[in-house]
Amino acid sequence: MSGRGLGFTGGTADKLEAIPGYKIDLSEKEFKENVKEIGISLITSSLNLAPADKKIYALRDTIACTSSIPLIASSVMSKKIAAGANKILIDITCGDGAFMKDIVHAKSLAKTMIEIGKLSGKEVRCVITNMDEPVGFSIGNQLEIIETVKALKGEMPEDIKQIVIALGAQMLIMAGMIKKAEEAKAKIEEVINNGKAYEKFEELVKKQGGDISYIKDISKFKNAKHVIPILSDQPGVISKIKTEMLGNISVYIGAGRNKKEDKIDYQAGIVVNKKVGDIVKVGEPLATVYINDEEKLDGAVKNIKEAFILSNKKVTKKSVILDTMM
């Protein structure tokens, strides 16, 4: 069950709705039937699941408390506990593009959620992942669906792969299916490589009314009116990407929402062409912006360019997986 995007963070529900026909709002009965039938369903949370959470979630942004550890922990855990999950695995993002800007606060959030789990008799594990740069290359709903399909068909960016394998392995261990981490990781990698993960995604989309012809052939997705490369003015090495800034720019061009009732432009977004540690030459694209609103084009181009910080020294990248807590 996923929420909608709010502020500079995206929501899985919005991304899935970029697939024509995909039905994200299922009844509890439909949801359970889908899980029994094909083992998976991705929907928005029920109004009745944690009624207070929806009001608190909207209020968090309004009163500038989106990064409050108690509010985040209670929001996340209330839905998990209400849904009846006994084993809960949480990916806590940490860095410039996350609510938790540093490892200290990320670990504090993890500890809070693990403690809530203990009080409720639930096993909780948290994997802390690096968000000092975008994960993968795409920011925006349709663009991320396209990247998802490519990844499941074999073109999986290394950082996405590391996160998927780390989370998947923990899930297999928590479920008692496999005991050793290396064996669990190998199992996850196997189902990616043999195409079973892609087949399951296609099955999910079809089951929830999505047009799978778009999944089979991603060229069916129409681009935004303007697809503009953001070229570097100078040579160097990417030392930092202002990830939250890119998230806010994506909201500005229509890929996200500032208020709960804002409309989403599914085609809008940004593709990052260079990541931290990459060498850049003058005239090479740092990123590509996909935008329909022509009036916002110049501002988007200027600000995206400013989000990339270049250095003349070699840069050491952080690990993708920063910690695992249980």
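Only the coordinates and a few stated rules stand behind these numbers; no lab work does. Keep in mind the model is a prediction, meaning the values are calculated, not measured. Cβ: placed from backbone, ideal geometry, glycine included. Neighbour counts: every protein chain shown.
Here are a few things to note about the model shown:
- Residues considered: ASP132, ASP262, ASP53. Largest GNM mean-square fluctuation over the chain, using C-alpha springs under 10 Å, is found at ASP262.
- Fluctuation leader among VAL149, VAL191, VAL127 - the chain, Gaussian network, Cα springs under 10 angstrom: VAL191
- The smallest convex shape that holds all Cα atoms of region 12-216, its convex hull, gives 135 Å³ per residue.
- Once the Cβ-Cβ distance of SER239 and GLU190 is raised to the sixth power relative to R0 = 25 Å, the FRET efficiency obtained is 0.10.
- Taking the Cα centre of the chain as reference, the dipole from Cβ charges on Lys and Arg (+1) and Asp and Glu (-1) amounts to some 660 debye.
- On full extension, the segment bounded by GLU33 and GLU115 gains 26.3 nm, given 0.36 nm per residue less the C-alpha separation.
- Cβ-derived FRET efficiency at R0 22 Å, ALA83 paired with LYS55, nearest 0.05: 0.75
- The charge dipole of region 255-306, taken about its Cα centre with unit charges on the Cβ atoms of Lys, Arg (+1), Asp and Glu (-1) only, comes to about 240 debye.
- Length added when fully stretched, LYS281-LYS314, from 0.36 nm per residue minus Cα-Cα: 10.4 nm
- Listed residue pairs exceeding 29 Å between alpha carbons, taken from LYS220/LYS242; LYS185/LYS313; LYS187/LYS314; LYS23/LYS225; LYS122/LYS185: LYS220/LYS242; LYS185/LYS313; LYS187/LYS314
- Sequence-distant residues sharing a close amide H with ILE128 (under 5 Å, placed H): ILE92, LEU322, ASP323, THR324, MET325
- Spin-label model, SER108/ASP91: points 7 Å from Cα along the beta carbon direction are separated by 2.5 nm.
- Under 5 Å from the amide H of LYS240 lie the amide H atoms of ILE309, each residue being 5 or more positions distant or on a separate chain, with H modelled from the backbone and absent for Pro and chain starts.
- Solution diffusion estimate, µm²/s, Stokes-Einstein, region 223-311, Kirkwood Rh from C-alpha pairs, 4 °C, viscosity 1.567 mPa s: 98 µm²/s
- Kyte-Doolittle at least 0.5, axis length at least 27 Å by Cα - qualifying DSSP helices, the chain: none
- Taking every DSSP bridge with both residues inside the chain, close to 70 percent are antiparallel.
- The chain - percent relative contact order, Cα under 8 Å, separation 6 or more: 22 percent
- Among PRO70, ALA98, GLY154 - extreme Cα towards positive end, dipole of the chain, charges at beta-carbon: PRO70
- Length gained when the stretch GLU294-ASP25 is fully extended (0.36 nm per residue, less Cα-Cα span): 93.6 nm
- For the chain, built as a Gaussian network whose Cα springs stay under 10 Å, the top-fluctuating residue of LYS313, LYS29, LYS260: LYS29
- Estimated purely from DSSP H runs of n ≥ 4, each contributing -39500 (n - 2.57), the mean residue ellipticity at 222 nm for the chain is -13000 deg cm²/dmol once divided by its residues.
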